[in-house]
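Q: So that we are looking at the same thing, I have put the structure below in structure tokens.
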Amino acid sequence: MDSLFPPELSAKGGGPGGADRSWVRIGVAAPAGCAGAFDPLLQHVLAPVGCARLLRATYVDSTSTTVTTVGLLVASGEEPAMSALGTRWTSEHLGERADLLPRTAAFPGTQAAHFGARQRGSWDVRISSGLPFVVYAVSGFADARAVAQPQPADQADKPGATSAAAQAGLGFDASGLAGAVDTRLHAAVATLLHPPTKGTQQR
């Protein structure tokens, strides 16, 4: 699990104004199925690709101000179903809909102890092209304050965005962690498909 959700992650220039951003893992959920793991409407949208396994971890930023759950849905469906989901997600702009936010993973005794539905501030969902994976992240405040108007990460990350989610960098948390895990996942798959040749020198 550490290879996918390492104890620490960072993104150089990945914060507001190009500031560096880093996160520390505060909890890893046991691998599970998808029953009850998503709000009903998002569960319905994802249903066509199936669910073989769901993996989740929650991180806190370096200032202990924000918390973010990042997840990986391992689909059980065939490639055409993933392709259709990806096309629908993009063409219907589903990633911008606040009624399709992923759920959080709270961990008692941590900064994410009260990270629930009302605390969700920004989110990012990535449908893998050609691979049976959906990576997502959802962020909020570590002090458990509710967010009245969640904003998708691609909007919260825009220069000049003035929402609470944007000003707190919640969009950067969601996009940064989703991107980091997505990159690690694809790198692992590439290594499995094309293992280094024995004797290849490391540069």
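Q: Can you give the charge dipole size of the chain about its Cα centre, rounded to the nearest 20 debye, using +1 on the beta carbon of Lys and Arg and -1 on the beta carbon of Asp and Glu?
A: Values: 16 positive and 16 negative charges, 62 e Å.
Computed charge dipole of the chain: roughly 300 debye.
Q: Which whole-Hz couplings ³J(HN,Hα) result when phi for each residue of the range 127-139 is put into the Karplus expression 6.51 cos²θ - 1.76 cosθ + 1.60, θ = phi - 60°, listed in order with x for Gly and Pro?
A: 8, 5, 8, x, 10, x, 9, 10, 9, 9, 8, 9, 10
Q: Short version: ³J(HN,Hα) in whole Hz for each residue of the range 32-47, in order, from phi by Karplus 6.51 cos²θ - 1.76 cosθ + 1.60 (θ = phi - 60°), x for Gly and Pro, what are they?
A: 8, x, 9, 4, x, 7, 10, 4, x, 5, 5, 4, 5, 5, 7, 3
Q: How far apart, in nm, are two points set 7 Å out from the Cα along the Cα-to-Cβ line at Thr65 and at Met1?
A: My value for the distance between the label points is 2.9 nm.
Q: Once both labels are modelled 7 Å past Cα along the beta-carbon direction, what's the Lys158-Ala81 spacing in nm?
A: Placing both labels 7 Å beyond Cα along the Cβ direction yields 3.5 nm.
Q: Sorted by average packing, counted as other Cβ atoms within 10 angstrom per residue and highest first, what order do 91-99, 166-174 take?
A: On the way: 91-99: 12.0, 166-174: 25.9.
Listed from highest to lowest mean packing, they are 166-174, 91-99.
Q: Non-local amide H neighbours of Ala161 (under 5 Å, H modeled in plane, Pro and chain starts lacking H): which ones?
A: Amide H neighbours of Ala161: none.
Q: Let me ask something additional. With θ set to phi - 60° and the Karplus curve 6.51 cos²θ - 1.76 cosθ + 1.60, what are the ³J(HN,Hα) couplings of the range 86-103 in order, to the nearest whole Hz, using x for Gly and Pro?
A: x, 5, 5, 4, 6, 5, 9, 6, 5, x, 9, 8, 6, 8, 10, 6, x, 8
Q: Looking at the square roots a ≥ b ≥ c of the eigenvalues of the Cα gyration tensor of the range 48-203, which shape do they give, rounded for a/c under 1.5, prolate if a/b is larger than b/c, or oblate?
A: Details: a/c = 1.88, a/b = 1.46, b/c = 1.28.
The shape class here is prolate.
Q: Considering only DSSP beta bridges with both partners in the chain, what is the antiparallel share in %, to the nearest 5? Mind dumping the intermediate values first?
A: On the way: 34 of 36 bridges.
Counting only bridges with both partners in the chain, antiparallel ones make up about 95 percent.
Values in this text are rule-based calculations from the coordinates and carry no lab data. Remember, it's a predicted structure, so these values are computed and weren't measured experimentally. Cβ atoms come from the backbone with ideal geometry, glycine included; neighbour counts cover every protein chain shown.
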